[in-house]
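**Student:** What follows is a structure written as structure tokens; I'll ask about it next.
The values are calculated or read from the model by the stated rules, or taken from the named source; none is laboratory data. Because the structure is a prediction, the values reported are computed rather than measured. Backbone-built Cβ (ideal geometry, glycine too); neighbour counts: all protein chains shown. Surface accessibility is based on the protein's heavy atoms, side chains included, excluding ligands, DNA and RNA. Shrake-Rupley method; radii C 1.70, N 1.55, O 1.52, S 1.80 Å.
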Amino acid sequence: MTALSQVLRKVDADEVVELTRALVRIPSVYRPGDPEATEARVADFVEAWLRREGFQVEIQPVVPGRPNVIGSLGEKRPGQKSLLLEGHTDVVTEGDPAEWSHPPFGADLVDGRIYGRGTADMKSGLAAAMVAAAAFKRAGVTLRGKLVVGALVDEEDGMIGVRHLCDTAVGRELDAAIICEPEENELCLEQRGVVWARFRVRGKMAHGAMPEAGINPIACLGRLLAAAPGLERRLRKVCERSRYLRPPTVTPTIIQGPPPRVGVPQSNVIPAVAETTFDSDAAVGQPGIKVEWEPVNAFRLATRVDRSEALVEAMARGVKQAARRAPRYGGVPGSTDGTILRMQLGIPIVTCGPGDRLIPHQVDEFVAADQVVEAARIYVASALNYLEAE
Ligand SMILES: [Zn+2]
């Protein structure tokens with residue numbers, strides 16, 4: 001029997017599904033100010049599971065109550081490589097549970113689909129990565145080099161988990177990473193970048209009935225919003241076209257006048273300041289008005305890897321072997337922890353994981369069970385092709 005079939009036999013479909021459900025049942029929405037609402041409990045679960053399976057486990061306290069859990073198999077000796085299977089443990093808010101047809105943290109399994117917050121984004125991908133890596137240990141197949149499973153915190157916000165990882169020994173020795181985010185098991189070679197820009201419009205405070213006494217920043221903000229489509233068209237002209245990704249977009253996401261730290265909104269008061277945040281530069285002049293902007297996040301650049309990259313070749317072959325179909329290539333419509341790995345470490349990343357690409361963050365989020373199992377098999381074959389057996 002080949003090493004691949006030995007390891008694949010240790011990937012149990014029911015186990016992958018049940019592990020996904022167990023992870024989904026542990027809520028891990030990060031709510032600032034609530035010490036109970038962090039990734040801690042799911043991180044504990046992942047840690048215990050990895051220890052039971054015989055991984056070397058490292059807990060990285062990124063901030064109090066929010067640990068990265070890193071499980072490794074093997075060592076990276078001179079001339080060898082280290083491959084990361086990456087997942088995040090946080091999930092976005094479930095919103096109003098009454099809008100869900102299945103309880104958001106119930107992990108109901110109905111007609112081959114697992115329902116709940118984080119099923120697709122991305123506890124299923126994490127479960128698939130855990131089982132795939134454990135299967136090597138169970139099959140007694142030793143890899144040349146190091147296979148790492150990373151369950152990181154805070155992907156949905158500032159990505160502090162992956163930034164922390166990049167500054168640690170296990171992070172610095174990585175040679176490549178598979179990002180297990182929901183991409184319908186396509187091999188995503190490109191990811192979009194993002195800038196969150198906050199525009200602050202300063203006017204002059206006055207009574208709402210005497211607008212001539214003030215300068216209204218809200219009217220200026222309206223013109224700024226109206227200028228967004230023009231900005232988008234300009235960006236599209238200067239940006240290179242991608243085979244896999246949509247052209248750039250400029251999306252207003254937050255409007256506040258006055259912003260909470262400046263004052264309380266009142267119907268009869270023209271505020272001194274109004275702000276808007278764009279998911280992407282514009283200035284609209286008016287006497288007495290000052291427009292400033294600042295980036296809210298650290299810039300996330302777009303990423304790309306070539307098909308000739310060793311990791312991509314290993315995965316393309318892996319899909320054929322493990323899923324018995326030709327690989328499908330694609331692009332990620334947003335950024336992921338992989339963006340930070342690519343920017344900070346310069347390593348190749350491929351995003352590939354189970355779940356419909358549009359379903360994350362929606363009500364009635366789900367993942368197809370068979371896609372989760374397929375992902376685990378693809379990770380096994382890809383890791384074996386990339387690192388090779390001893
Ligand atoms: Zn995600």
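**Student:** Taking amide H atoms as placed 1.01 Å from N in the peptide plane, list the residues 5 or more away in sequence, or in a different chain, whose amide H sits under 5 Å from that of residue 113.
**Tutor:** 369
**Student:** With a 1.4 Å probe and all protein chains left in place, how much accessible area per residue does the chain have, in Å²?
**Tutor:** Values: 17120 Å² over 390 residues.
Computed with neighbouring chains in place, this is 44 Å² per residue.
**Student:** Can you work out ³J(HN,Hα) from phi for every residue in segment 126-142, in order, using Karplus 6.51 cos²θ - 1.76 cosθ + 1.60 and θ = phi - 60°, giving whole Hz and x for Gly and Pro?
**Tutor:** Working through the residues one at a time gives 5, 4, 4, 5, 4, 5, 4, 5, 4, 4, 5, 4, 5, 7, x, 9, 8 Hz.
**Student:** Rounded, prolate or oblate, given the Cα gyration tensor of segment 1-75, with a/c below 1.5 counting as rounded? Don't jump to the answer; show the numbers that get you there.
**Tutor:** On the way: a/c = 3.79, a/b = 1.77, b/c = 2.14.
It is oblate, given that a/c is not under 1.5 and a/b is not larger than b/c.
**Student:** Of 26, 8, 100, which is farthest on the positive side of the dipole of segment 1-105, counting Cα position, with +1 on Lys and Arg Cβ, -1 on Asp and Glu Cβ, and the Cα centre as origin?
**Tutor:** 8
**Student:** Could you state, as a whole-number percent, how many of the C-alpha pairs of the chain are farther apart than 31 Å?
**Tutor:** Working: 31587 of 75855 pairs.
Result: 42 percent of Cα pairs exceed 31 Å.
**Student:** What size of dipole, in debye to the nearest 20, comes out for the chain about its Cα centre when the only charges are +1 on Lys and Arg C-beta atoms and -1 on Asp and Glu C-beta atoms?
**Tutor:** Dipole about the Cα centre, nearest 20: 1160 debye.
**Student:** Quick one: 3J(HN,Hα) in Hz for segment 226-237, Karplus 6.51/-1.76/1.60 with θ = phi - 60°, rounded, Gly and Pro as x.
**Tutor:** 3J(HN,Hα) across segment 226-237, in whole Hz: 5, 7, 4, x, x, 5, 4, 4, 5, 4, 5, 5.
**Student:** DSSP beta bridges in the chain, what fraction antiparallel, as a percent rounded to 5? Write down the numbers at each step before the final one.
**Tutor:** Working: 41 of 60 bridges.
Among the beta bridges of the chain, antiparallel pairing accounts for roughly 70 percent.
**Student:** Of 237/320; 204/237; 146/320; 81/237, which pairs sit farther than 29 Å apart, going by alpha carbon to alpha carbon? Please list the in-between numbers first.
**Tutor:** Numbers: 237/320 38 Å; 204/237 37 Å; 146/320 23 Å; 81/237 40 Å.
Listed pairs above 29 Å: 237/320; 204/237; 81/237.
**Student:** Could you look at segment 1-144 and say what percent of its accessible area is carbon and sulfur, using a 1.4 Å probe and all protein chains? Working shown, then result.
**Tutor:** Values: 3020 of 6050 Å².
Exposed carbon and sulfur together represent 50 percent of the surface.
**Student:** Using per-residue counts of other Cβ atoms within 10 Å, averaged over each peptide, order 154-165, 223-234, 81-92 from highest down. All intermediate terms of the calculation are to be shown ahead of the outcome.
**Tutor:** On the way: 154-165: 21.2, 223-234: 14.7, 81-92: 25.6.
Ranked from most to least packed, the peptides come out as 81-92, 154-165, 223-234.
**Student:** Here is a further query. What's the local net charge at residue 336, with K and R +1, D and E -1, over the other residues with C-beta under 11 Å away?
**Tutor:** Details: positive: 192, 300, 342; negative: 86, 121, 155, 156, 181, 183, 337.
Spelling it out: positives minus negatives among the neighbours equals -4.
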